[in-house]
1. Run the numbers on the range 53-153 and let me know its relative contact order in percent, using alpha-carbon pairs under 8 Å that are six or more apart.
2. Distance in nm between label sites at Ala108 and Asn120, each 7 Å beyond Cα in the beta-carbon direction?
3. Which of Leu37, Leu11, Leu66 ends up with the largest GNM mean-square fluctuation for the chain, with Cα atoms connected below 10 Å?
4. Could you state the angle between the C-alpha long axis of helix 135-150 and the longest principal axis of the C-alpha atoms of the chain, as a value from 0 to 90 degrees rounded to the nearest 10?
5. So who's got an amide H within less than 5 Å of the one on Ile90, skipping anything under 5 residues away but keeping other chains? H placed 1.01 Å off N, in plane.
6. Taking the beta-carbon count within 10 Å as an exposure proxy, list His79, His121 from fewest neighbours to most.
7. Nearest 10 degrees is fine. How inclined is helix 44-55 to the longest principal axis of the chain, computing both from alpha carbons?
8. Kindly give Rg over Rh for the range 6-153, based on alpha-carbon atoms, with the Kirkwood expression for the hydrodynamic radius.
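Nothing in this text is a laboratory measurement; each read-out follows from the coordinates by a stated rule. For clarity, every value in this text was computed on a predicted model and none was experimentally measured. Every residue, glycine among them, receives a Cβ derived from its backbone with ideal geometry; neighbour counts consider all protein chains shown.
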Amino acid sequence: MTATPEPVQWLTAEQQVIWRAYLAGVSRINERLDAELRPFGLDLGEYEILVNLSEADQLEMRMSELAERVRQSRSRLTHTVARMEAKGLILRKSCANDRRGVIAVLTAAGLTLLKSAAPNHVASVRLALVDAVEPADYEALGRAMSAVLQVAD
C-alpha cells in the first residue's frame, strides 16, 4: 500500500528570498575564501584538513574520523589527501591496532604552510562574514546553524 504524500508546504515569498540569499551568500563566501587560499596552493577543503590535523593529538587522525570532521565522503577525502601527500603536506600510515585503518599525519611542511596561510584566511573570514554583519546577526546565524546541526538526518 502506498502512503499518500503530505501536501507540499511551499516557502512564502519572504522565506524564498531568505533561502536564496543564504545560498548565494554561502557560495560567495566559499568562492572568496578559496580565492584567498589559492596563493598558498590550497583550497578551502584542504585548509580544513590541515586545521583538523593541527588540532589533533600528535597531529594525526584516522581517515574515517577526518572525513566526518571535514564533511567529505571517504572517497573524496582519500583523493584530496593523496593530492596533499604528493605536495608533502600530509603522510598516511597504517593504524597499529587495526590493519584496515589508515591514519593521516600532518607533516612539518603542512604545519608550516598552515601557519603561513592562517592569518590571511582569518582576515578573509572576517571580511567575508564576521565583520560584514552586525554582531547580533552573527550570533543569530550561529544559533540558526546550531539548530540545523541538531536536526536528525
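1. 22 percent
2. About 2.3 nm separates the two model spin labels.
3. Maximum fluctuation in the GNM of the chain, among the listed residues, is at Leu11.
4. Taking the Cα atoms of the chain, the angle to 135-150 is about 80 degrees.
5. Under 5 Å from the amide H of Ile90 lie the amide H atoms of Glu85, Thr107, each far enough along the sequence or on another chain.
6. Exposure proxy ranking, most exposed first: His79, His121.
7. So the helix axis and the longest Cα principal axis differ by about 60 degrees.
8. Across the range 6-153, the Cα-based Rg/Rh ratio is 1.05.
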